[in-house]
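The values are calculated or read from the model by the stated rules, or taken from the named source; none is laboratory data. Keep in mind that this is a model prediction, so the values were computed, not measured. Please note: Cβ atoms are built from the backbone with ideal geometry, for glycine as well, and neighbour counts cover all protein chains shown. With ligands, DNA and RNA removed, areas are computed over all heavy atoms of the protein, side chains included. Shrake-Rupley method; radii C 1.70, N 1.55, O 1.52, S 1.80 Å.
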Amino acid sequence: LEGKDYQFRVVSANMYGVSEPSEPSSVPSAPGQVVATRETETSVLIQWAPPKDPNNLIGYYIDSCVKGSKDWTSANHKPHKQTRFVVHGLTTGETYGFRVQAINELGLSDESQESAPLSVRAALKLPSFPYDISLLYCDGESMLLNWKQPLHSGGADVTDYYIDKCNVAKKTWKEVNVPPIKETLHKVGGLTAGSVYQFRVYGANLTGLGDASSPSSPFKCEAWTMPEPGPAYDVTFTEVRDDSVVVEWKAPVYNGASAITGYFVEKSKKGSDNWSKVNESSVNHCYLKVSICGLETGESYGFRVRAENTNGIGVASTPSDPVCIKALSGTQEIKCGVDEESGDIYLSFESCQMAEKSKFVWKKSYQEMTDFSKGIIVKTSGSHSTLLFENPDKEDLGTYSVSVTHTDGASASYKISAEELEKMLALSYDIRNPIIPLKTELAYKILERGRMRFWLQAEGISSAVTYKFFANNKDHDAATGIIEMVMDHFTDDSEGTFTVQIQDGRAKAQSSLVLIGDAFKAALAEAEYQRREYIRVKEGPHFMEFLSIQIGDNASVTLFCKVANLKKDSVFQWYKDDVEVISEVPADLNSGVCKFPLTNFSKRDVGLYKATITDDRGQDVSQIDVSGKAFDDIINELSRVAGVYDMYHHVCHLALQSQDSKIPASERMRIGGNPAMATLEIVEPTDKDKGMYTIETVDPEKTHSRTLDLSGQLDWTQLNEGKTKCSTLSLTCTVCGDPKPLVSWSKNDQEVEPSDQYVIAMDSGKFASLTIKGVSLEDSGKYTMTVQNKYGGESVDIIVSVYKHALFLGQLYFTNHVMYMEHLA
């Protein structure tokens, strides 16, 4: 039997024979059309036609499904015998479809056709009656009436109102209007002065006309002339919290004999006739936030309002409906901020309740906002609404509130202050005009051939970033990658301001470098030097080693240089004071070594020496000045190298008062000199060394002598005390860098630690110094200052030589330890 459908029938038999067979067995046929109609906010009434073939029907099963899904859910768990059924537990506002199946002992029928989709909400009914009819003004011929809309709308908006009037004396009710009234405010005309009238109001929605309100209080038709204001009206409440409530109202129609100056709000606990003032001082606007002072959380209160003018306080308004001082569950406040993408300032509110017809109503100073032409936009999605300020200014300061219709009072407010707006405007500007952070500002570096490279480094840029360089109003497109511009020709016309602009999406950055005056001259000089160096080294003959002075072990003095990139026709020449001179040693152009000996070096060799190397590709020049300090340095070095001086056969004699005797050289009597000077050093002089000193210089033609009497002129004790005198040496260098570099000092490649003798300092953040106190011969050496930051480092060396400082007395010098006797050659 498996896999096939079968029917069965039964035949009965007795002693007389066999009966007719029964009808074949089967399940019921499918139910007929299914119709769904609204019942309540969470239930729907389902009705359907019974199946054509019941086949011993037992009952029905009803299924529901949210529109758009395939998830069918059974609404009943046992067979339902009727052809109508109420499905409960549905979601308000959701749209559903419904279907029905019949069942008998053999099983379920096929499903019925699905019902038309139906949105779940309460069925429309007639509205309830309006209430609290009040008189706002009477001019003796007409009355201006106001009333409260029905508490229950019947599921549709109450759009129309109808009024009946009754002359109390005649006790006859008549219609006031045939065309419906759209507002809860209406002027009833055609009244008889002095008569007393009552009124009743009907509300209507799509379903029809609701019940009439209770008759109003009797109102006498006489013109109002009292000097005080008439009553305010439409007193409502919003923003109910556990500790506060905001009361709103509309200004009186009748001002009295003078303009209205303010309002007082009164409160009364529900069920009580006692009213008390909420505010001791009047407010000049039609709203008031009532705080917890005088209110009890969870209690219900009614509020009414009185207007005031210079003539006094007017009559009270019709009281508001009672309000329970307790926040709605899930209540949220308005959030204020700046959109991270657009930079728009916003107020945002999430409602804790929403109905199908709910709308967000935004107000400023509790007046509904209707003009959105000044850069204010409302965006609403679901239960979320946002008020956007595209270009806010001081006119946008104030209190903003929002309320949600068709809810139990979902509402909130927010006050934008001047200080807060200023901060948000600054943040908005930063978002709309983002800045690309720079690691380094625009700087320059001089390349070979005198080309100028302008560059900077930015952080966090994308591959789509673009750059523009402006050099004296001339822009350059920069390639992707490193942000740089290279100028091949940096000339006098290049003086000015260099600027780079960067854009990456909406983010921008700009950096400028001013090269004007001395800064430009220094850069131009360096560029021109590098340009000359490139031409010199790469394109023509040049000096590989520039002119220098070499002093030999035999106290010889030689000018030395080395040239390169030579041709056969390259010419080397020597000059002294711009006059060509011929060297004793010819230039060796094969090796490039060129020498100019200064034989018997003396003052006659003082001058400006220059060497040139020339061919058809160009010329290179090197020069050295042998005069002044340079000459003195050579003499000092010769003195050191020469040791005991006898190059010119100088003979030194010591002539004492009693007898002459020759001074032998010793550790205490040190004889020395150079081609220009002869010296006698007396180490640790005493009284025995007093006397007449003579130095004689002998050459082949003549003998020269100089004499100095030191018999009683010197105080040897004072001379020796000179040993204790101290001097100070300060080495100073200007450093700069970003971030600020670290500075260290070393002597002969050994780090110098701060001490009483060595003082290390940094003044004004850029003047690094090393001060040596009590300078002595031991302080001679190579001193190195090193600067270092995260981008690299640099160092500079200086050679410090400490000599014995002499006191000149005729031909005799004195130092801390020795005295010198000299004779100039």
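The figures follow:
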{"item": "Listing of strands (runs of 3 or more DSSP E) fully contained in the stretch 367-414 that carry 1 or more residues being without any contact (Cβ under 8 Å) to a residue 24 or more places away in the chain", "result": "376-381"}
{"item": "Residue within the stretch 296-313 that is closer than 30 Å to residue 228 by Cβ and outside any strand (DSSP E or B) present", "result": "yes"}
{"item": "Residue 543, sole failed condition from (1) surrounded by 17 or more Cβ atoms within 10 Å (Cβ to Cβ); (2) over 28 Å from residue 451 (Cβ atoms); (3) among the aromatic types (Phe, Trp, Tyr)", "result": "(2)"}
{"item": "The lone exception for residue 250 - which of (1) touching a residue at least 40 places away in the same chain (Cβ under 8 Å); (2) under 48 Å from the mean Cα position of the chain (by Cα) it fails", "result": "(1)"}
{"item": "The stretch 256-271, subset part of a loop (DSSP other than H, G, I, E, B) and under 14 Å from residue 323 (Cα atoms), residue least open to solvent (accessible area, probe 1.4 Å)", "result": "271"}
{"item": "So residue 381, is it modelled with pLDDT of 90 or more and exposed (fewer than 12 other Cβ atoms within 10 Å of the Cβ)", "result": "yes"}
{"item": "Residue tally, condition in contact with a strand residue (DSSP E or B) (Cβ under 7 Å, 6 or more places away or on another chain) and open to solvent by less than 30 Å² (accessible area, probe 1.4 Å), over the stretch 514-535", "result": "3"}
{"item": "Selection within the stretch 736-761 - closer than 30 Å to residue 443 by Cα and touching a residue at least 24 places away in the same chain (Cβ under 8 Å)", "result": "736, 737, 738, 739, 740, 741, 742, 743, 744, 745"}
{"item": "Tally of residues being open to solvent by 70 Å² or more (accessible area, probe 1.4 Å), in contact with a Lys or Arg (Cβ under 8 Å, 6 or more places away or on another chain) and at pLDDT below 85 across the stretch 420-447", "result": "2"}
{"item": "The stretch 762-794 - residue that is part of a strand (DSSP E or B) and either in contact (Cβ under 8 Å) with a residue 60 or more places away in the chain or charged (D, E, K, R) (or both) and, of those, farthest from residue 729 (Cα to Cα)", "result": "794"}
{"item": "Whichever residue in the stretch 358-398 is small (Gly, Ala, Ser) and under 22 Å from residue 239 (Cβ atoms) and, among such residues, is farthest from the chain's Cα centre (by Cα)", "result": "358"}
{"item": "From 210, 230, residue being surrounded by 21 or more Cβ atoms within 10 Å (Cβ to Cβ), farther than 18 Å from residue 318 by Cβ and in contact with a Pro (Cβ under 8 Å, 6 or more places away or on another chain)", "result": "210"}
{"item": "Number of positions in the stretch 131-149 that are open to solvent by 60 Å² or more (accessible area, probe 1.4 Å) and either basic (Lys, Arg) or in contact with a Lys or Arg (Cβ under 6 Å, 6 or more places away or on another chain) (or both)", "result": "1"}
{"item": "Candidate set: the stretch 602-626, residues that are farther than 18 Å from residue 561 by Cβ and surrounded by 13 or more Cβ atoms within 10 Å (Cβ to Cβ); chosen: the one farthest from the chain's Cα centre (by Cα)", "result": "602"}
{"item": "Hits in the stretch 273-305 - residues which are in contact with a Gly (Cβ under 9 Å, 6 or more places away or on another chain) and farther than 24 Å from residue 413 by Cβ", "result": "275, 276"}
{"item": "Residue check for residue 376: surrounded by 15 or more Cβ atoms within 10 Å (Cβ to Cβ) and closer than 30 Å to residue 483 by Cα", "result": "no"}
{"item": "Single match in 313, 345 (criterion: open to solvent by 40 Å² or more (accessible area, probe 1.4 Å), of a type in the set (A, V, I, L, M, F, W, C) and touching a Phe, Trp or Tyr at 6+ places or on another chain (Cβ under 7 Å))", "result": "313"}
{"item": "Segments classed as strands (runs of 3 or more DSSP E), wholly inside the stretch 160-253, with at least 1 members that are in the same structural domain as residue 277 (by the TED database) and in contact with a Gly (Cβ under 7 Å, 6 or more places away or on another chain)", "result": "233-238"}
{"item": "Residue within the stretch 33-40 that is at pLDDT 90 or above and open to solvent by 100 Å² or more (accessible area, probe 1.4 Å) present", "result": "yes"}
{"item": "In the stretch 590-601, the residues that are open to solvent by less than 20 Å² (accessible area, probe 1.4 Å) and either outside any strand (DSSP E or B) or closer than 16 Å to residue 546 by Cβ (or both)", "result": "592, 594, 601"}
{"item": "All positions within the stretch 565-589 that are surrounded by 15 or more Cβ atoms within 10 Å (Cβ to Cβ), at pLDDT below 95 and more than 19 Å from residue 634 (Cβ to Cβ)", "result": "565, 566, 570, 587, 589"}
{"item": "Long-range neighbours under 7 Å by Cβ, at least six apart or interchain, first residue more than 16 Å from residue 393 (Cα to Cα) within the stretch 424-436, second hydroxyl-bearing (Ser, Thr, Tyr) and modelled with pLDDT of 90 or more", "result": "none"}
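A quick yes/no check of all residues on (1) closer than 30 Å to residue 212 by Cβ; (2) surrounded by fewer than 15 Cβ atoms within 10 Å (Cβ to Cβ); (3) not charged (D, E, K, R):
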{"site": "57", "(1), (2), (3)": "no, no, yes"}
{"site": "65", "(1), (2), (3)": "no, no, yes"}
{"site": "89", "(1), (2), (3)": "no, yes, yes"}
{"site": "94", "(1), (2), (3)": "no, yes, no"}
{"site": "104", "(1), (2), (3)": "no, no, yes"}
{"site": "111", "(1), (2), (3)": "no, no, no"}
{"site": "121", "(1), (2), (3)": "yes, no, no"}
{"site": "129", "(1), (2), (3)": "yes, no, yes"}
